[in-house]
Amino acid sequence: MKDVTYWSAVPSGQVYSGGQEVMERGFCYGTEMHPTMEGMHVAIGSGAGPFECQLTELLPETRYYVCAYAVCTKGVYYGDQLSFDTKALPMAVRTLSVYDVTASRVMAVGEVIRDGGLEVTECGFCWGTEHNPTIEGLHVKASVGLGEFGYYFSGLEKGQPHYVRAYAINEEDVAYGD
């Protein structure tokens, strides 16, 4: 199995005809073990030899089972079953709102909506006087895991525009909200 993504994968197979005519070959696949032609399948031509295709419209973060098949003059033959897991969608975080603005403080609310298949070890807010602040600059940890989180900022410079956006970190990535 190669090129496994969130929504697709590329299996490869080989048909040995054993002297029979191979009228159709392809792959059976699905989320249940032992897929057959009665379920989801894709035909990839005819004849003996190697072949591959791209399975599309798969669900993210899902285990699939796949096997090659060949329709020959003496019946349908299935190859060994393999399994693969599609990737989890990337981590996603959003900055929900900024409110309760006074001369000395402001409340920011964010939300981690997807963890990317890994534990979110930190989430919070980046802020500064430049657009699109990052964790390389001023930032504060507000929570961990999925869900909403908030933080009251205080001590901001009066009369100076400030920018804030939510962030989340897992062991592979940093994601930012707007």
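The values are calculated or read from the model by the stated rules, or taken from the named source; none is laboratory data. Here the structure is a predicted model, which is why all the values come from computation and not from measurement. Glycine also receives a Cβ, built like all others from the backbone with ideal geometry; neighbour counts cover every protein chain displayed. To get the accessible areas, we keep the full protein, side chains included, count just its heavy atoms, and leave off ligands, DNA and RNA. Shrake-Rupley method; radii C 1.70, N 1.55, O 1.52, S 1.80 Å.
Here are a few things to note about the model shown:
- Area of E111 that stays accessible when all protein chains are in place (1.4 Å probe, Å², to 10): 30
- Candidate aspartates and glutamates - alpha carbon under 14 Å from K2, same-chain residues fewer than 8 apart omitted: E52, D85
- Counted by Cβ distance under 9 Å from E111, the other residues give a net charge of 0, where Lys and Arg count +1 and Asp and Glu count -1.
- Accessible area of the stretch 21-178 belonging to carbon and sulfur atoms, whole % at 1.4 Å probe: 48
- Where the chain is the region considered: accessible area per residue in Å², 1.4 Å probe: 58
- Each of R114, R94 has its accessible area taken with a 1.4 Å probe; listed largest first, they run R94, R114.
- Residue separation of H162 and Q81 scaled by 0.36 nm, minus their Cα-Cα distance, works out to 23.5 nm of gained length.
- With all protein chains modelled, accessible area of S154 [1.4 Å, Å²]: 90
- Net charge, Y78 excluded, C-beta distance under 15 Å - Lys, Arg +1, Asp, Glu -1: -2
- Calculated from the structure at hand, P(r) over Cα pairs in 10 Å bins from 0, in percent is found among (1) 8, 28, 29, 23, 10, 1, 0; (2) 10, 27, 17, 13, 13, 11, 6, 2, 0; (3) 9, 39, 38, 13, 1 as (2).
- When the surface is traced with a 1.4 Å probe over the full set of protein chains, I113 keeps roughly 80 Å² accessible.
- Point-to-point label distance, Q20-K74, nm (Cα→Cβ direction, 7 Å offset): 0.6
- Set of aspartates and glutamates near K87 by C-alpha distance (under 17 Å), chain-local residues within fewer than 8 positions excluded: D3, E57, E61, D115, E119, E171, E172, D173
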